[in-house]
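Trainee: One structure is given below, represented as structure tokens, and several questions about it will come after.
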Amino acid sequence: EKAGFEHFMMKEIHEQPKAIRDTINSVVRDGKIDLSGVGITEEEIQKLQQIYIVACGSAYHVGVAAQYVIEELAQIPVRVELASEFRYRRMLFAPNSLVIIVSQSGETADSLAALREAKAHGVKTLAIVNVVGSTIAREADHVFYTLAGPEIAVATTKAYSTQLIASYILSIEFARVRGMIDEDRAAELIAELQTIPDKIEKLLEDKERIQWFAAKQMNAQNMFFIGRGIDYAVSLEGSLKMKEISYIHSEAYAAGELKHGTISLIEPGTLVIGVLTQQDLYEKTVSNMVECKSRGAYLMALTTYGNYSIEDCAEFVIYIPKTDPLFAASLAVIPLQLMGYYVSVAKGLDVDKPRNLAKSVTVE
Ligand code: F6R
């Protein structure tokens with residue numbers, strides 16, 4: 001059932017290209033996006049004034065990335081909220097709001113409660129869900145199914161990746177319908193999306209190098225993941241993967257925020273992983289990495305092919321294939337999933353069933 005892999009997590013990491021292809025193919029026909037199955041109409045899209053993305057854990061990290069993509073492409077203001085916070089806040093919805101709930105299981109208690117709160121306030125809801133017929137899928141006004149297939153490992157990988165893809169597709173279509181991008185640009189972005197599975201396959205070919213590096217980190221006490229913009233969203237997910245399955249404390253920080261307190265935790269040898277896929281923010285994050293290095297940090301970098309100057313400061317570099325910067329999270333997350341996995345394996349831990357965690361959190 002693990003198809004020759006040692007753990008479900010590794011099997012599911014390798015299923016990502018197919019899961020993404022399936023998800024794209026479910027809503028793209030002849031190079032065009034068709035959301036009729038999701039049920040949201042062009043009229044609804046045109047009226048949108050505010051989007052809330054509400055979720056927990058990794059699904060929340062998808063929201064953090066999606067916020068940048070939606071605002072950049074569709075130019076609709078987005079707020080990303082943790083479901084467990086959102087549901088207890090005073091609900092001050094802007095007119096013509098849309099609440100997007102992101103959930104693999106479709107049963108997460110706080111995400112479900114947030115959906116019900118939004119509906120009780122008369123706000124339209126759209127769920128990005130993996131499990132067909134789950135409670136969130138049944139109760140939302142519109143459903144965008146991710147086609148990741150069953151995810152067994154507690155730490156999400158392929159569901160997260162398909163949720164990202166769903167959010168890009170919504171962003172492109174919202175932007176096109178609202179006239180923020182023309183048909184050609186939409187077609188170009190869709191074509192770029194279709195290259196992502198092959199690029200992930202290419203990244204997976206490099207996994208032994210990551211295994212070698214990860215094994216050397218197994219005794220680490222602390223790690224930091226830093227980035228800006230979409231790279232910050234990826235840092236959040238990379239850090240969560242690391243702590244949940246390898247039991248190493250790690251923090252994800254917006255790169256520019258470290259110096260406001262957290263940098264005091266950097267000691268000689270502390271691993272700092274910089275994520276640098278956003279070209280316009282590259283120099284800024286490099287300078288934050290150099291600040292860490294001058295306090296003794298050991299630097300790993302994840303950046304796009306071509307940014308070879310990173311080797312002037314980083315000790316270990318992973319290059320990711322070029323794609324549209326808006327979609328870079330889909331590639332940058334892969335080496336970080338592998339890092340968490342291989343550190344966990346090196347420590348001899350139960351990768352698929354980490355302590356204290358359940359696959360679906362149905363209590364608040
Ligand atoms: C982390 C992880 C969790 C889930 C979170 C939400 O690897 O899997 O953080 O993302 O519990 O679960 P769903 O998506 O089922 O609502």
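Trainee: Rounded to a whole number, what is D in µm²/s for segment 236-286 from Stokes-Einstein with the Kirkwood radius over alpha-carbon pairs (37 °C, 0.692 mPa s)?
Mentor: Values: Rh = 12.3 Å.
This corresponds to a translational diffusion coefficient of 268 µm²/s.
Trainee: Probe radius 1.4 Å, ligands and nucleic acids ignored: give me the carbon and sulfur share of the accessible area of segment 49-206 as a rounded percent. Working shown, then result.
Mentor: Working: 2730 of 5700 Å².
The value for segment 49-206 is 48 percent carbon and sulfur by accessible area.
Trainee: At 7 Å along Cα-to-Cβ for each site, give me the label-to-label distance between LYS293 and THR362 in nm.
Mentor: 5.1 nm
Trainee: If you don't mind, another one. Could you size up the charge dipole of the chain around its Cα centre, putting +1 on the beta carbon of Lys and Arg and -1 on that of Asp and Glu, and report it in debye to the nearest 20? Working shown, then result.
Mentor: On the way: 36 positive and 47 negative charges, 151 e Å.
Here the size comes out at about 720 debye.
Trainee: Also, I was wondering about something else. Once the mean 1/r over all distinct Cα pairs of the chain is inverted, what Kirkwood radius in angstroms do you read off?
Mentor: Numbers: mean 1/r = 0.0485 Å⁻¹.
Value: 20.6 Å, from the Cα pair sum.
Trainee: Among 101-107, 136-142, how do they line up from the highest to the lowest mean number of other beta-carbon atoms within 10 Å? Walk me through the numbers before you get to the answer.
Mentor: Details: 101-107: 26.9, 136-142: 19.0.
Output ranking for 101-107, 136-142: 101-107, 136-142.
Trainee: For a protection proxy built on the mean count of beta-carbon atoms within 10 angstrom, sort 71-77, 201-207, 332-338 highest first, please.
Mentor: Averaged packing, sorted descending, gives the order 332-338, 71-77, 201-207.
Trainee: Round to a whole angstrom and tell me the spacing of the C-alpha centers of segment 258-335 and segment 11-31.
Mentor: The distance from the Cα centre of segment 258-335 to that of segment 11-31 comes to 29 Å.
Trainee: Now for a different question. Of all DSSP beta bridges located in the chain, what percent are antiparallel, nearest 5? Before the final figure, lay out the partial values.
Mentor: Values: 2 of 43 bridges.
Rounded to the nearest five, the antiparallel share is 5 percent.
Trainee: First check a/c for segment 46-132, with a ≥ b ≥ c the square roots of the eigenvalues of its C-alpha gyration tensor; if it is under 1.5, answer rounded, and if not, answer prolate when a/b is larger than b/c or oblate otherwise. Let's see the in-between values first.
Mentor: Details: a/c = 1.61, a/b = 1.16, b/c = 1.39.
The shape class here is oblate.
Trainee: With label points built 7 Å along Cα→Cβ from the Cα atoms of ASP206 and ASN25, find their separation and express it in nm.
Mentor: 2.8 nm
The values are calculated or read from the model by the stated rules, or taken from the named source; none is laboratory data. Fair warning: this is a prediction, and the values are worked out from it, not measured in the lab. Cβ: placed from backbone, ideal geometry, glycine included. Neighbour counts: every protein chain shown. With ligands, DNA and RNA removed, areas are computed over all heavy atoms of the protein, side chains included. Shrake-Rupley method; radii C 1.70, N 1.55, O 1.52, S 1.80 Å.
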